[in-house]
Amino acid sequence: MNQKHPEESVTQAPAASRQGRRKLIQAGLASAPVLLALKSTPVLAGNCKHPSGFSVSGNLSATGGKNCATRFPSINDWVKADPGLWPSGYPRDTALFGAALGAGAIGHDADIGTFRLIDALNDASNPLNAKAAAVFLGSFNSGPPSFSVIQALWTDGVRGGGYATLGYKSESATWHQTEVEKYFDYLLGLNP
């Protein structure tokens, strides 16, 4: 075992060994920006953020294109999907939007008993209906968040008085239609 002081062993190390250490340190420093770039949400996230982490952490207005590790299936994915791929209990041709999401679609209060999820996915007059249907359907196999969180976002945040997120140390925010739509965009990978 070497009992010498560490500084002595460095000064006595051969020049080639010091050069090797220097190159190793320089390479490590040069790779730091690459490692920091890998720290983004899509690479390190196990999946998507919950509403509390999305808003309270400040990501609501500054997601910077960072989406879920794997985005939820898009609106078009659900429109073209084989009916057998739809979640159990929500048949493509009969599942009602209002029954699934807990409140009617925007602009369709009069036809709440006939407006289906598939109709919402094709609703060009209000894209938020289509996003809500896609996120709801995707929550069964792509979540978190769960379908019950999507229902609460719709019933409280879009159709109700506001959805209260509850984050770290009881910090919270209240979401309305605009904030819910931004979150749905995040889940669907639609951020700019």
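The values are calculated or read from the model by the stated rules, or taken from the named source; none is laboratory data. What you see is a predicted model, and the numbers here were worked out from it, not measured in a lab. Here the Cβ positions follow ideal geometry from the backbone for every residue, glycine too, while neighbour counts run over all protein chains shown.
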Exercise. Is it true that some residue in the range 126-138 is more than 20 Å from the chain's Cα centre (by Cα) and not acidic (Asp, Glu)?
Worked result: yes
For this session: Report whether or not residue 111 is free of Cβ contacts under 8 Å to residues at least 24 places away in the same chain, surrounded by fewer than 19 Cβ atoms within 10 Å (Cβ to Cβ) and more than 24 Å from residue 70 (Cβ to Cβ).
Result: yes
Seminar exercise, completed: Subset of the range 122-145, residues hydrophobic (A, V, I, L, M, F, W, C), surrounded by fewer than 24 Cβ atoms within 10 Å (Cβ to Cβ) and touching a helix residue (DSSP H, G or I) at 6+ places or on another chain (Cβ under 7 Å), comes to 128, 140
Exercise. Without any contact (Cβ under 8 Å) to a residue 24 or more places away in the chain and more than 25 Å from residue 80 (Cβ to Cβ): does that describe residue 156?
Worked result: yes
Problem set entry | Conditions (1) in contact (Cβ under 8 Å) with a residue 40 or more places away in the chain; (2) farther than 24 Å from residue 81 by Cα; (3) assigned to a helix (DSSP H, G or I); number of the one not met by residue 181 | (2)
For this session: Have a look at 144, 87 and point out the one that is within 19 Å of residue 70 (Cβ to Cβ) and touching a Leu at 6+ places or on another chain (Cβ under 7 Å).
Result: 87
For this session: Using the structure shown, decide if residue 189 is on the phi > 0 side of the Ramachandran plot and surrounded by fewer than 18 Cβ atoms within 10 Å (Cβ to Cβ).
Result: yes
Problem set entry | Number of the exception - residue 129 against (1) part of a helix (DSSP H, G or I); (2) closer than 16 Å to residue 98 by Cα; (3) touching a residue at least 40 places away in the same chain (Cβ under 8 Å) | (3)
For this session: Might you let me know whether the range 168-176 holds any residue that is at pLDDT below 90 and of a type in the set (Asp, Glu)?
Result: yes
For this session: Kindly provide the set of residues from the range 89-101 that are touching a residue at least 24 places away in the same chain (Cβ under 8 Å) and surrounded by fewer than 17 Cβ atoms within 10 Å (Cβ to Cβ), ordered by number.
Result: 93
For this session: Select from the range 147-168 the residues that are outside any strand (DSSP E or B) and of a type in the set (Ser, Thr, Tyr) and write down the one among them that is nearest to residue 70 (Cα to Cα).
Result: 148
